[in-house]
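Peer 1: Input: one structure, supplied below.
Read-outs: derived from the displayed coordinates by stated rules, not from any lab. It should be emphasised that the depicted structure is a prediction, and the values quoted were computed from it without experimental measurement. Heads up, the Cβs are rebuilt from the backbone with ideal geometry, glycines too, and the neighbour counts pull from every protein chain shown.
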Amino acid sequence: MTQTQHETSTAPAAAQQALPMLHIKVKILRFDPEKDRKAHWETYAIDAQAGDRVLDVINEVKWYQDHSLTFRRSCMHGICGSDAMLINGRNRLACKTLVRDVAKDGGTITIEPIRGLKVEKDLLVDMEPFFDSYKAIMPYFINESPAPAAERIQSEEEAERMAQSSNCILCACCTTSCPIFWVNGSYLGPAAIVQAHRFIFDTRDEATEQRLNIMNQNTGVWRCRTAYNCTEACPRDIPITQLIEEVKRAVMYQQA
Amino acid sequence: MYKGREGQWAFLLHRLSGIAILAYLLIHVFSIGSFMFGERFYMAIHETYDWPGFRVGLVFITAGVVYHAFNGLRIIVMDFTGAGVAYQRQMWYGVMLITLISGLYAAWTLLPRLIGGY
């Protein structure tokens, strides 16, 4: 017993001593609307541990190298969805990406703002168009029938139907990885369709037809050309393309 | 360039092959229709097709049509079944294989023309 205690108490400290520091470069696409006419790359040298998050690395830059670096982050644990960035050519959450997964010792991490939305400053983009699309699908529970005394009951299967789309944290990783959205900002985008899926396949909700009609408009679900970038990018592992295809089928069978 | 995976390239190639097929069809209709203006005009246009770029283009248009057709089937399977989405990557490699084989077959069949012209 004492031996195990001894082992567990020293193990973390020993591991920490053994952890080597990685010397990496962080290349960030900077843009200051008050000074710059065009975005430009700036590179910072950083020492980081393999297990650090990319967000720690950016914080290091902001706190100790360049205070003017601007980006969003809030909970720092992959729940609030604030720090979506284009890291090494793919959309990811900076707080859910470990340094060891994107860079080796002596390597470079490139960080850009997510695409398709107007860059306000550095990594900070205007999220309003994204949330306008979210609002367009009526992201709230609609049921005009009087509420029962207890709960509105769902079976386990019925709850399972909307389990995956309920996982969305609205980080915009998917929508801003979509080639169609980059070219056509009026497309509602994968995130809004996933949110619509959550209510369309909610058996307690009564506005299914209205939502399917919104999905059937020319800014809706038919703009999806199944490039799968959204599914690859989702930090919550939602099978987004599969859900979009389910909504497409729901729209089609509704009209049949 | 965004580092998407197979799906992104499947989408991009589908667009490009679609545009190529449309361009080919327009040129085709125009050059056949040019017979309305007489044989000399028709032949003048058709002799320009002996240019090496057009000869090699024949192989690419064959591959383009085959890719667009089979990837179209892949998209239909994805749109109508959940399994299609689950196996889209494997299906795309299948499409690429068929495209490659038919491209090579076209190149082999057209070899005399590729080298020697008309």
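Peer 1: So how do A:153-160, A:199-206 stack up, highest first, on mean other-Cβ count within 10 Å?
Peer 2: In descending order of packing, they fall as A:199-206, A:153-160.
Peer 1: Any idea what the dipole of the protein assembly as shown comes to, in debye rounded to 20, about its Cα centre with Lys/Arg Cβ at +1 and Asp/Glu Cβ at -1? Please list the in-between numbers first.
Peer 2: Values: 37 positive and 38 negative charges, 204 e Å.
The dipole of the protein assembly as shown has a size of about 980 debye.
Peer 1: Could you give the size of the charge dipole of the range A:20-125 about its Cα centre, using +1 on the Cβ of each K and R and -1 on the Cβ of each D and E, expressed in debye and rounded to the nearest 20?
Peer 2: Working: 18 positive and 15 negative charges, 81 e Å.
Taking the Cα centre of the range A:20-125 as origin, the dipole is about 380 debye.
Peer 1: Report, as an integer, the average count of C-beta atoms from other chains found within 10 Å of each Cβ along A:225-235.
Peer 2: If you average over the peptide's residues, the count of other-chain Cβ atoms is 6.
Peer 1: Additional query: If contacts are Cα pairs under 8 angstrom and at least 6 residues apart, what is the relative contact order of the range B:6-116 in percent?
Peer 2: 33
Peer 1: Here's something else I'd like to know. Note the angle between two axes, namely the Cα long axis of helix A:190-200 and the longest principal axis of the Cα atoms of chain A, as a number of degrees from 0 to 90, rounded to the nearest 10.
Peer 2: With rounding to tens, the tilt is 40 degrees.
Peer 1: Right, something else. Do any cysteines of the protein assembly as shown lack a neighbour Cys whose Cβ is under 4.7 Å away, and which are they?
Peer 2: A:C95, A:C168, A:C171, A:C173, A:C178, A:C224, A:C234
Peer 1: OK, next. Quantify how strongly other chains surround peptide A:82-89 by giving the mean number of their Cβ atoms within 10 Å of each of its Cβ atoms. Present the calculation step by step, with values, prior to reporting the outcome.
Peer 2: Values: counts 0, 0, 0, 0, 2, 0, 1, 4.
Neighbouring Cβ atoms belonging to other protein chains average 1 per residue here.
Peer 1: Quickly rank A:96-102, A:51-57 as a protection proxy: mean count of other C-beta atoms within 10 Å, highest first.
Peer 2: Most protected by this proxy first, the peptides run A:51-57, A:96-102.
Peer 1: Lys/Arg Cβ at +1, Asp/Glu Cβ at -1, dipole of chain B taken about the Cα centre: which of B:M1, B:F80, B:L22 is farthest positive-ward?
Peer 2: Ranked along the dipole, the leading option is B:M1.
Peer 1: In degrees between 0 and 90, to the nearest 10, how far off the longest principal axis of chain A does helix A:54-64 point, with axes built from Cα atoms?
Peer 2: Helix A:54-64 sits roughly 50 degrees off the main axis of chain A.
Peer 1: Take the Cα coordinates of the protein assembly as shown, assign each an equal point scatterer, and use the Debye formula without solvent to give log10 I(q)/I(0) at q = 0.07, 0.09, 0.10, 0.13 Å⁻¹.
Peer 2: The Debye formula, applied to the Cα set alone, gives -0.47, -0.72, -0.84, -1.11.
Peer 1: If contacts are Cα pairs under 8 angstrom and at least 6 residues apart, what is the relative contact order of the range A:20-125 in percent?
Peer 2: After rounding, I find 35 percent.
Peer 1: Enter the mean number of other protein chain beta carbons within 10 Å of the beta carbon of each residue in B:70-81, as an integer. Please list the in-between numbers first.
Peer 2: Details: counts 0, 0, 0, 0, 1, 2, 0, 0, 6, 6, 4, 2.
Partner Cβ neighbours, averaged per residue: 2.
Peer 1: Per residue of chain A, what 222 nm ellipticity follows from adding -39500 (n - 2.57) for every DSSP H run with n ≥ 4, rounded to the nearest 500?
Peer 2: Mean residue ellipticity, 222 nm, calculated: -10500 deg cm²/dmol.
Peer 1: Okay, next question. Only bridges with both residues in chain A count here: give the DSSP antiparallel percent, nearest 5.
Peer 2: Restricted to chain A, the bridges split so that about 85 percent are antiparallel.
Peer 1: For chain A, calculate the relative contact order in percent as a whole number, restricting contacts to Cα pairs under 8 Å that are 6 or more residues apart.
Peer 2: 17
Peer 1: To continue, here is another question. When ranked by the protection proxy of mean other Cβ atoms within 10 Å per residue, highest first, what sequence do the peptides A:31-39, A:74-82, B:27-35 form? Show your work: numbers first, answer last.
Peer 2: Values: A:31-39: 10.0, A:74-82: 15.4, B:27-35: 12.2.
Result, highest mean first: A:74-82, B:27-35, A:31-39.
Peer 1: While we're on this one: For the range A:36-43, take each phi angle, set θ = phi - 60°, evaluate the Karplus expression 6.51 cos²θ - 1.76 cosθ + 1.60, and give the result in whole Hz per residue in order, putting x for glycine and proline.
Peer 2: Each residue of the range A:36-43 in turn: 8, 9, 9, 5, 9, 8, 10, 10 Hz.
Peer 1: Taking only Cα atoms, what is the 0 to 90° angle, nearest 10, from helix B:52-80's long axis to the longest principal axis of chain B?
Peer 2: Taking the Cα atoms of chain B, the angle to B:52-80 is about 30 degrees.
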